[in-house]
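This report concerns only the one structure given below.
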Amino acid sequence: MTADVLIIGAGPAGLACAATVLAGGLAVELVDAGHGPGGQYWRHPAPGSPPDSAPGGGTPPGPLRLPRGLRGRGGHPASDDLHHDLGTYRALVARLEEGVAVGRAVTRFGHDVWSLTRDGDGWVAASHDRGAGTERRSRGRVAVIATGAHDVALPFPGWDLPGVFTAGALQALLKGNGVVAGRRVLIAGTGPFLLPVATGLARYGAQVVGIHEAGDPRDWAAHAPAVAQNAGKVWEGLTYAAGLARHRVPVHPRSMVVAARGAGRVQSVTVAGVSETGEPVAGSERDIEVDALGVGWGFSPVIDLAVTVGCRTSMSWSGPVVEVDDDQRASVPRLFVAGETTGVGGATLALREGELAAHRILADLGRPPVSTEARLLRLRVDRSRHKAFAAAMADAHPIPAGWASTLVSETVVCRCEEVPYAAVRRAVVEEGAGDVRQVKQLTRAGMGWCQGRVCEPACRGLVRSLGARSVAEQPGQVRSKGGRGDAPTERLVALPIPLGALADGEVVERSAM
Amino acid sequence: MSRVVVVGAGIVGAACAYYAARAEWDVVVIERDQVASGTTSRGEGNLLVSDKGAGPELDLMRLSRRLWLELADELGRDELELDEKGGLVVASMPDSLAALTEFAEGQRSAGVVAQPVEDLRSLEPQLAPGLAGGVFYPEDLQVQPVLATQALLAAAIARGAELRCGTEVLGFTSGGGGDRPIGRPLRLRLGDGSTIDADAVVNAAGPWGSLLGDAFAAPVPVLPRRGFVLVTAPVGPRVRHKVYAADYVANVSSGDAGLQTSCVVEGTRGGTILIGASRERVGFDDTLDPLVVRRLAAQACALFPFLREVPLMRTYRGFRPYCPDHLPVIGPDRRVPGLVHAVGHEGAGIGLAPATGHLVTAMISGALRSRRDPRSPDVLDGVDARAFAPERFASAVTS
Amino acid sequence: MRGADDTTTFQFDGEPIAFRAGQSVGAALIAAGRLSWRTTRVGERPRGIFCGIGVCFDCLVVVDGRPNQRACLTPALAGMTISTQSGTGWTP
């Protein structure tokens, strides 16, 4: 069966798009790796029965309530107070469920999409149904990529100790599982996302010993217009600030983690001041005892499917993003991209983009519009406003230029293949690797399970910072300027799938011929 | 000192640069992208005698094998990740076993060590039961192609060679043409607007070698033949040799443009399993084709059932430089004195690179030192270079 | 009183781990105070959850005999047998 609209990703962008095209009478197939709708932003616990008691000291009291339609047998433990704008979420999910009820929407949760390819005039997404262990194909006349983003992580000595998490992991453990991952937690990195992570943990009983923000929130003043136009965001920020004050969480601007230490797990963290030039300030180090550390350096859009089908991309502050036009159309026909995949900007922006894509899809597939001109105009204005705010935030929260000065030779850069900093340095400085692909070929950094999603921002940064040195030190080599530096990494297999599932998929394909 | 410009920093270009630098030529390698960024980084690194029947390509491979082992001593075995893993060719049915046995007979008469294997699972415990039999080729080797290219170039640079990445050779401005006096260099035009004079130019541009030939008005019929390779999650040393199905040989030598897949499975140092090999002529179309991926997966699972549970982690594809007669083009081009081709190795470029570099250097040295008509010495180290001469396509090219 | 019988526990290396319905295996292990359940294949380093959303594959674990399952995405089910994974999770 071919749906009208194949949507990959059920976060805010995918849900907004689905709800809108369903309202316009189209049929939808929605595929997502998670166990239900919401994506990372509206992450909820998996269906199950509410607990009688909390099993560990680190678990907040439940049960809280999920929207009725989503409740499995016996309801859910949930965490409504950790979420924003749940009203919108519930409304979107209700429209999706209506679509399912009348047979116009099909949802495939727990499906890892490994490829998206052309299928005649339309598209086919091949996914791994993790529950069943099989491969499934989902078809649509048009496709929407709304695959979101994940945390940017950067290496430092000790970052691979158990108990060191991305900020997003701490949030996922709390929102999706009701688990507070430590008693004494330090939050570090940069960007506004650190605030809800810290307040959430504090509210559920963790002692958040500090937020070490490498940037300086006072820099927001430099972007007054973009900030002022986003009263909602400012209010959200103030709410968090109040929460931090209530839980006595100190915020340390211009401070970063330079090392984590411990035997078999993190036991202490070393922080240092950040200079004007983005270097850790020598002599300012101090050790803080913790049992968990969360670090976040912003987000990386997940654009693999779009890169493989040949979409034009561009480099943004958050890494390569997919280029789209005013209607969220990518550079290849019948393909739309919405949400963080076009540039990290938060859930509200993603909602607007998803709805704008849906509006264009309805027109393209010959359906009457479901939104008034006034609403469309507002969506577009909203979109620019949020884009401007995201850009201002990115500008106010850069990754410190000197982040790599914390690295020592044996610091693991690629966690999967355990490639030390010394090997990456050698590849760039002595062997002339001019881009991340060549670093990978020479060192295996990025060749492991995660396919470089974790270490790529670090490797890109190292190619840039070490590469400049290499030209001076290796006069025998005349090198290209930056290699393919900014080209996005190609990942033809977007997520792993067992060979047996593919093999059985081949049988299905042959018997269909 | 006379200058040799090598176009292309893949494995073949690196080997040509290495041998030319060792022969004390002034070597400049020009690469439009990065070292080993084309076909070289898309292959498994095979040094196979097992898939070649008696003939000139086998002779070239046997020379190359000796040179690879010498290089391992000189450059370091670990620097190349050279692995004497051996190849095991398996036949599932009695009739394919009979064909394989006959093929191996011919190879043995050419000096290849080819040992019939009855108990396949004593060599490869994870193989599926019930396969008819196979032949073991202990001389098959493997190197890590990118590391090997890097090591060859580093050794060439240590001997004075220069590497320029990020610029392209567009053609020549003067000195070309058949009427050019011997000894007058070609002036090459580069993409960055500069020029460089070369006494000899080596076309080591792989599947793009025909474009370079065209730029010199010396076309060579090299076409891209696309191949996918699957890489699994790491499982450790569960597949010990390079294992492939007997129909692989037939597919390699086929000229069919349509999709062909034959199963090749092997382990790597990193613990992953590589699964090949597909062949299809679709130009430089690099679209992902899930059908090819599924078919390769199915064939690999049939050979090694444990792979069913192993995830596919990534797949990559590249373009083999393919010639209609499946032989590389190695030798001086009569149409443009000074131009020497080293292209068209199809899927065997990693294996054949050192012998190619060695031959090319001998040809340049012979031609330039004596200032005579740059014809190659016909037989060198047991290889009859006439089989690889560019003029074998002359009638096809001019027609 | 629930929490000790196998209707709300799974086995981890022979010990019962209590969980709440809807939790992932990884989250339940962390709630029980376990931060690592895998050792890497080169340096034998301990690893557990890092990204928490299925991207990094650091939290790989053996679930009912199947190696290389992401603990952060695997829903905890009563009676499961979870074991520490060393290296690739495969024996040569």
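The values are calculated or read from the model by the stated rules, or taken from the named source; none is laboratory data. Only a predicted model underlies this, so the values are computations on that prediction, with no experimental measurement involved. Positions of Cβ are generated from backbone atoms using ideal geometry, with glycine treated the same way; all protein chains shown enter the neighbour counts. The area values use the complete protein model at the heavy-atom level, side chains included, leaving out ligands, DNA and RNA. Shrake-Rupley method; radii C 1.70, N 1.55, O 1.52, S 1.80 Å.
Here is how the numbers come out for the structure above:
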| read-out | value |
| --- | --- |
| Condition broken by A:A245, with the remaining ones in (1) farther than 20 Å from A:A404 by Cα; (2) surrounded by fewer than 17 Cβ atoms within 10 Å (Cβ to Cβ); (3) touching a Pro at 6+ places or on another chain (Cβ under 7 Å) satisfied | (3) |
| Residue list for segment A:207-242, restricted to those being over 24 Å from the mean Cα position of the chain (by Cα) and surrounded by 15 or more Cβ atoms within 10 Å (Cβ to Cβ) | A:Q207, A:V209, A:D219, A:H223, A:Q229 |
| Yes/no for A:S284 being assigned to a strand (DSSP E or B), of a type in the set (G, A, S), surrounded by fewer than 19 Cβ atoms within 10 Å (Cβ to Cβ) and free of Cβ contacts under 8 Å to residues at least 24 places away in the same chain | no |
| Lone unmet requirement of (1) in a loop (DSSP other than H, G, I, E, B); (2) within 14 Å of chain C (Cβ to nearest Cβ) for A:V413 | (1) |
| Residues (acidic (D, E) and surrounded by fewer than 24 Cβ atoms within 10 Å (Cβ to Cβ)) located in segment A:146-204 | A:D160 |
| Segment A:354-410, residues that are among the polar types (S, T, N, Q) and either open to solvent by 70 Å² or more (accessible area, probe 1.4 Å) or part of a helix (DSSP H, G or I) (or both) | A:T372, A:S384, A:S405, A:T406 |
| Any chance A:G158 is over 29 Å from A:A263 (Cα atoms) and either out of contact with any Ser or Thr (no Cβ under 7 Å at 6 or more places or on another chain) or within 14 Å of chain C (Cβ to nearest Cβ) (or both) | no |
| Number of the exception - C:L60 against (1) under 14 Å from A:N177 (Cβ atoms); (2) within 8 Å of another protein chain (Cβ to nearest Cβ); (3) modelled with pLDDT of 95 or more | (1) |
| Some residue of segment A:329-341 being among the β-branched types (V, I, T), in contact with a strand residue (DSSP E or B) (Cβ under 8 Å, 6 or more places away or on another chain) and touching a residue at least 24 places away in the same chain (Cβ under 8 Å) | yes |
| Residue list for segment C:55-72, filter: surrounded by fewer than 20 Cβ atoms within 10 Å (Cβ to Cβ) and not in a strand (DSSP E or B) | C:D64, C:G65 |
| Filter result for B:A355 (in a helix (DSSP H, G or I), small (G, A, S), open to solvent by less than 10 Å² (accessible area, probe 1.4 Å) and modelled with pLDDT of 95 or more) | yes |
| Unique match (being within 29 Å of A:A149 (Cβ to Cβ), β-branched (V, I, T) and at pLDDT 95 or above) among C:T81, C:T40 | C:T40 |
| Every pair of residues 6+ apart whose Cβ atoms lie under 8 Å, when the first sits in segment A:6-33 and is hydroxyl-bearing (S, T, Y) and at pLDDT 95 or above while the second is open to solvent by 10 Å² or more (accessible area, probe 1.4 Å) and part of a loop (DSSP other than H, G, I, E, B) | A:T20/A:V370; A:T20/A:S371 |
| Count - residues of segment B:15-42 that are more than 13 Å from every other protein chain (Cβ to nearest Cβ) and among the small types (G, A, S) | 3 |
| Pick from segment B:147-162, criterion open to solvent by 40 Å² or more (accessible area, probe 1.4 Å) and not in a strand (DSSP E or B), ranking: nearest to B:S2 (Cα to Cα) | B:G160 |
| Condition check for A:E353: in contact with a Phe, Trp or Tyr (Cβ under 7 Å, 6 or more places away or on another chain) and at pLDDT 95 or above | no |
| Filtered residues of segment C:13-32 (kept if facing another protein chain (nearest Cβ under 7 Å) and either touching a residue at least 60 places away in the same chain (Cβ under 8 Å) or open to solvent by 40 Å² or more (accessible area, probe 1.4 Å) (or both)) | C:A32 |
| Any chance B:P321 is touching a residue at least 40 places away in the same chain (Cβ under 8 Å), out of contact with any Leu (no Cβ under 7 Å at 6 or more places or on another chain) and within 13 Å of chain A (Cβ to nearest Cβ) | no |
| Hits in segment B:316-326 - residues which are under 14 Å from B:F388 (Cβ atoms) and open to solvent by 30 Å² or more (accessible area, probe 1.4 Å) | B:P324, B:D325, B:H326 |
| Pairs with Cβ under 8 Å, 6+ apart, first in segment B:295-313 and more than 10 Å from B:T232 (Cα to Cα), second hydroxyl-bearing (S, T, Y) and outside any loop (DSSP other than H, G, I, E, B) | B:R295/B:T261; B:R295/B:S278; B:L296/B:T261; B:L296/B:S278; B:Q299/B:T261; B:Q299/B:S262 |
| Residue in segment A:316-338 that is assigned to a loop (DSSP other than H, G, I, E, B), open to solvent by 20 Å² or more (accessible area, probe 1.4 Å), within 19 Å of A:F165 (Cβ to Cβ) and of a type in the set (A, V, I, L, M, F, W, C) present | no |
| Scope segment A:283-309; condition at positive phi and within 17 Å of the chain's Cα centre (by Cα); matching residues | A:G298 |
| B:V201 being closer than 23 Å to B:D26 by Cα and in contact (Cβ under 8 Å) with a residue 60 or more places away in the chain | yes |
| A:L154 at pLDDT 95 or above and touching a helix residue (DSSP H, G or I) at 6+ places or on another chain (Cβ under 7 Å) | yes |
| In segment B:1-22, residue modelled with the highest pLDDT [restricted to those that are touching a strand residue (DSSP E or B) at 6+ places or on another chain (Cβ under 9 Å) and surrounded by fewer than 24 Cβ atoms within 10 Å (Cβ to Cβ)] | B:R3 |
| Qualifying residues in segment B:242-269 (those that are crowded, with 16+ Cβ neighbours inside 10 Å and within 14 Å of chain C (Cβ to nearest Cβ)) - the one nearest to B:A104 (Cα to Cα) | B:G267 |
| Residues located in segment C:35-54, provided they are polar (S, T, N, Q) and crowded, with 18+ Cβ neighbours inside 10 Å | C:S36, C:T40 |
| Some residue of segment B:296-314 being assigned to a strand (DSSP E or B), within 14 Å of chain A (Cβ to nearest Cβ) and open to solvent by 10 Å² or more (accessible area, probe 1.4 Å) | yes |
